[in-house]
Each structure stands twice: as C-alpha cells, then as structure tokens.
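Structure first, commentary second.
The values are calculated or read from the model by the stated rules, or taken from the named source; none is laboratory data. In this text, all values refer to a predicted model and were calculated from it rather than measured experimentally. Neighbour counts are summed over all protein chains in view; Cβ atoms, including those assigned to glycine, are modelled from backbone coordinates with ideal geometry. Accessible surface areas use protein heavy atoms only, side chains included; no ligands, DNA or RNA. Shrake-Rupley method; radii C 1.70, N 1.55, O 1.52, S 1.80 Å.
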Amino acid sequence: RAWSVRRGSKAPEAAGEIHSDMQRGFIMAETIAYADLKEHGSVAGVKAAGKYKMNGREYLVQDGDIFHFKFNVAAGGKAAKK
C-alpha cells in the first residue's frame, strides 16, 4: 500500500500519515530506495548490496522511498498496574 507524503517531511511525519500512533511512538525508519529495489530484485538483495538504510527522526523523505517504520506506543499511555 502507498501513502502520499509532502515534500520535505521528516520520517516521523511520514509515519503519521499512516497512523498517528506511529508518529507518536516513532523509533526509526528502515529505508529502501525504489530504484535500488528494482535493481537488486528483493529486499535481501538490497541488504546484501549495503543499500538498506536505518534513519532517525531527522531523515527527510525522498521520492521513491520505501519504509519499514519501527514504533512503540504503550496501551493507554500508562504502564499497567499489577
């Protein structure tokens, strides 16, 4: 599935386009350029070529980026009592 993101958006804002919880609990974005995926044929091929990137909060989204977002949001925003 694809989501449109405004030019100049940072990675957490891109995650927020999918779901606000992803923006709130953003940890990192694993990024593949579409051109690299097309060239190497698979995610494993891109990783083997050393073009699989791990980016933080300040990463500016580029045209053709493919993301795997890592995030963590606690249920209810508070730790459960025992």
Completion exercise
Note on P12: of the conditions (1) open to solvent by less than 30 Å² (accessible area, probe 1.4 Å); (2) not in a helix (DSSP H, G or I), unmet is (2)
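Pull up the stretch 1-32, narrow it to residues that are polar (S, T, N, Q) and out of contact with any Gly (no Cβ under 6 Å at 6 or more places or on another chain), then point me to the one that is nearest to N55 (Cα to Cα). Step through it out loud before you land on a result.
Residues of the stretch 1-32 that are polar (S, T, N, Q), as a first pass: 4, 9, 20, 23, 31.
From what's left, out of contact with any Gly (no Cβ under 6 Å at 6 or more places or on another chain): 4, 9, 20, 31.
Numbers: S4: 19, S9: 13, S20: 19, T31: 7 Å.
Ranking the qualifying residues of the stretch 1-32, first place goes to T31.
The rows are residues; the columns are (1) in contact (Cβ under 8 Å) with a residue 60 or more places away in the chain; (2) open to solvent by 60 Å² or more (accessible area, probe 1.4 Å); (3) among the charged types (D, E, K, R).
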{"position": "W3", "(1), (2), (3)": "no, yes, no"}
{"position": "G8", "(1), (2), (3)": "no, no, no"}
{"position": "A35", "(1), (2), (3)": "no, yes, no"}
{"position": "G45", "(1), (2), (3)": "no, no, no"}
{"position": "A49", "(1), (2), (3)": "no, no, no"}
{"position": "D65", "(1), (2), (3)": "no, no, yes"}
{"position": "F69", "(1), (2), (3)": "no, no, no"}
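Out of M28, M22, I need the residue that is within 10 Å of the chain's Cα centre (by Cα) and assigned to a strand (DSSP E or B). Which one?
Details: M22 fails: assigned to a strand (DSSP E or B).
None of the others qualify; the one that does is M28.
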